[in-house]
Amino acid sequence: MSKTLVAYFSHSGNSQVIAKEFAEVLNGDLFEIKARHVYSNHYNTVVEEAKRELNAKARPALLHPLPDLKEYETIVIGYPNWWGTMPMPCFTFLESADFSYKTIIPFCTHEGSGMGRSEQDIQSLCSLAQVLKGLAIRGSAVQKAQQSIVNYLKENQLI
Ligand SMILES: Cc1cc2nc3c(=O)[nH]c(=O)nc-3n(C[C@H](O)[C@H](O)[C@H](O)COP(=O)(O)O)c2cc1C
């Protein structure tokens, strides 16, 4: 059976918690999407940095080289909702390899905006991939999200 990659970006830890749970349930490999530059730990500053990068359609360089995607048919991609979509390093990630004919399972953590327009953005970047409707989890609910993850995967016949 082909393996699953769980790729995630997380600035303050919420999305990382969910990524680890996806990896555990799916027996997947984890990959952290991390920018080479460091985002501020001050909320207002990172909010401005993120806005600037979004408006500039930035593609921040990634710290870690991508794994070989040949091994993976299914890719979970997780991130915080930043300004209604994915943080820009996720755009870099999705443009750095060929996701054609793969299944992409998005999830995000958020504070009210849900998936935002991230699923459409993923589909635009990976036009030949099958992009599932994502799982959105509120930041305050990450510690008790395991059942939601299992239910979501069952609903999509992934487990
Ligand atoms: C730069 C920035 C922009 C954000 N924009 C949104 C947003 O548009 N909508 C929303 O619901 N939450 C927004 N949030 C809240 C985060 O999505 C939320 O806190 C998330 O759980 C953080 O995940 P992390 O701990 O994995 O970084 C934003 C947070 C930051 C830092």
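The values are calculated or read from the model by the stated rules, or taken from the named source; none is laboratory data. Computed from a predicted structure; not experimentally measured. With ideal geometry, Cβ positions are generated from the backbone for all residues, glycine too; neighbour counts draw on all protein chains shown. All accessible areas refer to the heavy atoms of the entire protein, side chains included, with ligands and DNA or RNA removed. Shrake-Rupley method; radii C 1.70, N 1.55, O 1.52, S 1.80 Å.
Structure above, values below:
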item	result
Cβ pairs under 8 Å, 6+ apart, first in segment 54-71 and farther than 12 Å from Ser96 by Cβ, second open to solvent by 40 Å² or more (accessible area, probe 1.4 Å) and basic (Lys, Arg)	Ala58/Arg52; Leu63/Lys34; Leu63/Arg36; Glu71/Lys3
Residues that are part of a loop (DSSP other than H, G, I, E, B) and either open to solvent by 50 Å² or more (accessible area, probe 1.4 Å) or touching a Gly at 6+ places or on another chain (Cβ under 7 Å) (or both), drawn from segment 119-133	Ser127, Leu128, Lys133
Matching residues in segment 54-70 - criterion: being in a loop (DSSP other than H, G, I, E, B), away from the ligand (no atom under 14 Å from the Cβ) and not hydrophobic (A, V, I, L, M, F, W, C)	Lys57, Arg59, His64, Pro65, Pro67, Asp68
Of the criteria (1) open to solvent by less than 70 Å² (accessible area, probe 1.4 Å); (2) away from the ligand (no atom under 15 Å from the Cβ), which one Ala136 fails	(2)
So Lys144, is it of a type in the set (Lys, Arg), surrounded by fewer than 12 Cβ atoms within 10 Å (Cβ to Cβ), within 16 Å of the ligand (Cβ to nearest atom) and over 23 Å from Lys34 (Cβ atoms)	yes
Residue satisfying condition, being more than 18 Å from the chain's Cα centre (by Cα), surrounded by 12 or more Cβ atoms within 10 Å (Cβ to Cβ) and either assigned to a strand (DSSP E or B) or at pLDDT 95 or above (or both), within set Glu73, Glu49	Glu49
